[in-house]
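The values are calculated or read from the model by the stated rules, or taken from the named source; none is laboratory data. All values derive from a computational prediction rather than experimental measurement. When we count neighbours, we look across all protein chains shown, and the Cβ atoms used for this are built from the backbone with ideal geometry, even at glycine.
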Amino acid sequence: MEAPHAAHPRTADAEAVITVDSPERMQDLGRRIAALLRPGDLVLLTGELGAGKTTLTRGLGEGLGVRGAVTSPTFVIARVHPSLVDGPPLVHVDAYRLGGGLDEMEDLDLDVSLPDSVVVVEWGDGKVEDLSEDRLHVVIARAVGHEEVLDDVRQVSLRGVGGRWEAAELAKLAGEHAGDHAGDRAGA
């Protein structure tokens with residue numbers, strides 16, 4: 001039986017789905033997500049090649065106010081972007097070339113970086129979940145439909161796992177994005 005005042009009561013996962021119709025909107029979504037992030041947060045990004053994972057991370061970096069251009073760390077595996085605004089550094093990891101789980105990633109010292117940083121891991125599903133009970137899973141999928149019309153359209157699913165994430169904050173994020181998107185269409 002669980003204690004009535006547990007430090008992290010187990011709650012249902014918080015979820016939201018957002019439609020993004022351009023790389024600029026993907027980057028803007030990253031800036032909006034950054035406003036929710038704090039030191040110790042783990043973000044896992046999943047999506048096929050070219051889905052927009054690095055573009056979203058670029059927006060996270062802008063929103064966090066970090067130094068350096070956020071580019072894909074495919075060949076270096078991980079990049080650390082220090083904060084320019086006394087916020088947490090961004091640790092951007094690309095686990096695509098890493099076949100094993102957390103054991104193979106030990107050399108990156110993510111467990112040491114995590115408490116003070118925001119750690120974003122592209123291709124991290126099934127590899128780094130053990131770093132934190134609380135994490136944000138972001139899945140980016142191309143919209144299905146007529147290729148010419150939907151080429152830049154993505155469905156971004158956000159799922160907060162653990163007591164750290166509240167459904168209300170992700171729903172608000174989705175609502176703000178939908179409101180801005182509708183306003184842009186109305187003004188066009």
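Here are the numbers:
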| read-out | value |
| --- | --- |
| Identity of the residue in segment 152-169, closer than 23 Å to Arg25 by Cα and β-branched (Val, Ile, Thr), that ends up modelled with the lowest pLDDT | Val153 |
| Residues located in segment 45-77, provided they are aliphatic (A, V, I, L, M), within 16 Å of Ser157 (Cα to Cα) and either in a loop (DSSP other than H, G, I, E, B) or modelled with pLDDT under 95 (or both) | Ala51 |
| Top-ranked residue in segment 12-26 [being surrounded by fewer than 22 Cβ atoms within 10 Å (Cβ to Cβ) and not small (Gly, Ala, Ser); ranked as farthest from the chain's Cα centre (by Cα)] | Asp21 |
| Those strands (runs of 3 or more DSSP E) lying entirely in segment 79-151 with at least 2 residues modelled with pLDDT under 90 | 90-94 |
| Considering residues of segment 28-57 that are of a type in the set (Lys, Arg) and more than 19 Å from Arg142 (Cβ to Cβ) only, the residue surrounded by the most Cβ atoms within 10 Å (Cβ to Cβ) | Arg32 |
